1. Restricting attention to the range A:73-85, does a residue exist that is surrounded by fewer than 24 Cβ atoms within 10 Å (Cβ to Cβ), under 16 Å from the mean Cα position of the chain (by Cα) and over 22 Å from A:T136 (Cβ atoms)?
2. If I go through the range B:130-158 residue by residue, how many of them are open to solvent by 10 Å² or more (accessible area, probe 1.4 Å), of a type in the set (A, V, I, L, M) and either within 13 Å of chain A (Cβ to nearest Cβ) or within 18 Å of B:F186 (Cα to Cα) (or both)?
3. Here are the criteria: (1) more than 27 Å from B:A151 (Cα to Cα); (2) away from chain A (no Cβ under 14 Å). Tell me which single one B:L273 does not satisfy.
4. Going by what's in this entry, would A:F119 be described as open to solvent by less than 10 Å² (accessible area, probe 1.4 Å), under 21 Å from A:Q193 (Cα atoms) and within 14 Å of another protein chain (Cβ to nearest Cβ)?
5. Scan the range A:49-59 and tell me whether some residue there is more than 19 Å from A:Y125 (Cβ to Cβ), touching a Pro at 6+ places or on another chain (Cβ under 9 Å) and at the interface with chain B (Cβ under 9 Å from one of its Cβ atoms).
6. Could you run through the range A:173-201 and say how many residues are touching a residue at least 12 places away in the same chain (Cβ under 8 Å) and outside any helix (DSSP H, G or I)?
7. Scan the range B:93-123 for residues that are more than 7 Å from chain A (Cβ to nearest Cβ), open to solvent by 10 Å² or more (accessible area, probe 1.4 Å) and under 24 Å from A:A48 (Cβ atoms) and jot them down.
8. Answer yes or no: is there a residue in the range B:316-333 that is touching a Pro at 6+ places or on another chain (Cβ under 6 Å) and under 25 Å from B:E390 (Cα atoms).
Amino acid sequence: MDKIFGRPKSLRDIPTHYCSGCGHGIAHRLISEVVDELDIRERIIGVAPIGCAVIAYDYWDFDCCEAAHGRALAVATGIKRVRPEAIVFTYQGDGDLVAIGCAETIHAANRGENLTTVFINNAVYGMTGGQMAPTTLLNQKTATTPFGRDAKSAGYPLKISELLAQLSGVYYVERVSTDSPVKVLAAKRAIKQAFINQIEGKGFSLVEILSACPTYLGMKPTAAVKWVREEMTKEFPLGKIK
Amino acid sequence: MRNQKLVPKVEILHRETSGSRRSSYKVTAFGKTRNQKILISGNEAIAEAAVQAGCRFYAGYPITPQNEIPAYMAKRMPGIGGVFIQSESELAAISMVMGASAAGARAMTSSSSPGISLKQEGISYIAGAELPAVIVNVMRAGPGLGNIWPAQSDYFQAVKGGGHGDYHNIVLAPSSAQEAFDLTMFAFDLADKYRNPVMILSDGMSGQMMEPIVIPEDRKNLLSGICCLTSEKKWAVTGCKDRLPNLVASFRMCLGDTEKLNQHLQGKYKQILADEQRCESVGIDEAEIIIVAYGIMARIAKGAIKTLKAKNIKVGLIRPITLWPFPETQITQILKHRLGRVKYFLVVEMSYGQMVEDVRLAVNGKAKVEFLGRAGGGVPTEEEIIKRLEVISDKL
């Protein structure tokens, strides 16, 4: 019998450290599948974030480099500029990419760095214990918005993808989700496109992936996924933005 | 062959600037000629030395008084296949250097005091991930925004860590444009050798001052590797072709592993302390008073020593070239051989007393340690040093 489905070569066979229902595992796997399909495992260099995915490199079986919180795109810029033949990507959460690393994100994008960014938006800080993220929805309760996010004191969910799409240096921005098998397949297509863009030297590409964090949404995995589908997508509509 | 080494040709440019004639000098090409003397500022000497040491990645953010370095790099890098990036911030610049270094390139950033404070995040990560990198601090007056006048007030920050965690920078203190050139080249070798950040601690006066320097013809022989992407960096992230994947990171997930990393780092620092202490000593064998000063301050002190020699006051000088590791061995050796005869150490700094703490630790009560310092743009003058030495001399 032919084997038609298996573990990607670029994904290591180790137990996951992520919580039940977390979207990181899906995103890690999609990247690995794309790396295998594009046959770029020997060219790829990943830049890992600070956050729940800090040890993403434990799962990926290819070269990786750490960055300080928010500085992934600066580190990736350094790598790519001295190794233009390498395929360099950052994997960043909402706190990393949109809050503390907002300047690095905007400027790397604005320079049109030929990089790929996979941005996991789960509307909450996971590793530090469920604090408000820049992408936390209005009225969403977190450890630091115990009465719900109030725009008067905590501002609004920051739509970085729409913001980046305005920049001339940005080639491709798409928002996808992991809330259903069909959406996961669409997410994979977007990630693949973002890597193909880099291979073809098109410039900065970013894929925003809406992802569930059941632990800090205080929901069961199925309810958290439903929340992403029904609540998050209202604020963060899916589709190609640029 | 001695006449065939590559040294820069210098083009002298004159331009009229609001009535006054101003000259600037730029290195335009590298010809095969003998040792050549060129006139260059301390800042530009650092930049050119970096290029000649094989640095092919520079990222930085403008701040006075070091702006000549990024400007020089912006002109010089494109012609040699190097990368220059004016970053959006110091935080980004040091992280770009981290990325370039992780990918195997010789990389440098430069700034001045307030900017170096911002770089501490990345420096700590670079130290933790054991990456080579050269960081230049052309010190200005602090604290806060301070001002653009020269100072030596970042000694603590440079030699005691600066960022978080138990780590050390190797810190080199040039006292002339020539030494700025030589030590910058050396810095890249040290950084690669120990996989550790190396800081060049200069100051606004040394950076701006133009001096003649000689680029020795046998310079290349001093280098461990002139290539910007050395194949020896087996740890670098380059794409895992024909090998297992590499990881560059300071993070250790498991309990005990971060302690192991720290123990490893401490072992490295111990070796650096044993092998890399450097200083210049002048008139030590006769001295009853020894001045300890570094950088431009040491040159001012040399003038004072010359004057006092004529008055038969026996003053020597220890000029630390490595601030970390601090040349404590030299001080303990002097005290061992000349105990009781060296009665005073006078530490002179453009600060309110930073290096003096390391001198006190090295002297360990075996002689008196006095301090003379000014900061915030004030520079102790030759006259002030002479005056203080005469007071000390009267107490002998």
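1. no
2. Narrowing the range B:130-158 to residues open to solvent by 10 Å² or more (accessible area, probe 1.4 Å): B:130, B:140, B:142-150, B:153-154, B:156-157.
Those left that are additionally of a type in the set (A, V, I, L, M): B:145, B:148.
With either within 13 Å of chain A (Cβ to nearest Cβ) or within 18 Å of B:F186 (Cα to Cα) (or both) added as a condition, the list becomes none.
Residues that pass the stated criteria total 0.
3. Only one criterion in (1) more than 27 Å from B:A151 (Cα to Cα); (2) away from chain A (no Cβ under 14 Å) is unmet by B:L273, namely (1).
4. Details: open to solvent by less than 10 Å² (accessible area, probe 1.4 Å): yes; under 21 Å from A:Q193 (Cα atoms): yes; within 14 Å of another protein chain (Cβ to nearest Cβ): no.
For A:F119, the condition - open to solvent by less than 10 Å² (accessible area, probe 1.4 Å), under 21 Å from A:Q193 (Cα atoms) and within 14 Å of another protein chain (Cβ to nearest Cβ) - is not met.
5. Keep residues of the range A:49-59 that are more than 19 Å from A:Y125 (Cβ to Cβ), which gives A:57-59.
This time we only want the ones that are touching a Pro at 6+ places or on another chain (Cβ under 9 Å), so: A:57.
Those left that are additionally at the interface with chain B (Cβ under 9 Å from one of its Cβ atoms): A:57.
Within the range A:49-59 (the criterion being more than 19 Å from A:Y125 (Cβ to Cβ), touching a Pro at 6+ places or on another chain (Cβ under 9 Å) and at the interface with chain B (Cβ under 9 Å from one of its Cβ atoms)), the answer is yes, since at least one residue qualifies.
6. So the count comes out to 9.
7. B:L118, B:Q120
8. Checking the range B:316-333: at least one residue is touching a Pro at 6+ places or on another chain (Cβ under 6 Å) and under 25 Å from B:E390 (Cα atoms).
The values are calculated or read from the model by the stated rules, or taken from the named source; none is laboratory data. Source: prediction; values computed, not measured. Glycine gets a Cβ as well: all are built from the backbone with ideal geometry, and neighbour counts include every protein chain shown. Side chains included, ligands, DNA and RNA excluded: accessible areas come from the protein's heavy atoms. Shrake-Rupley method; radii C 1.70, N 1.55, O 1.52, S 1.80 Å.
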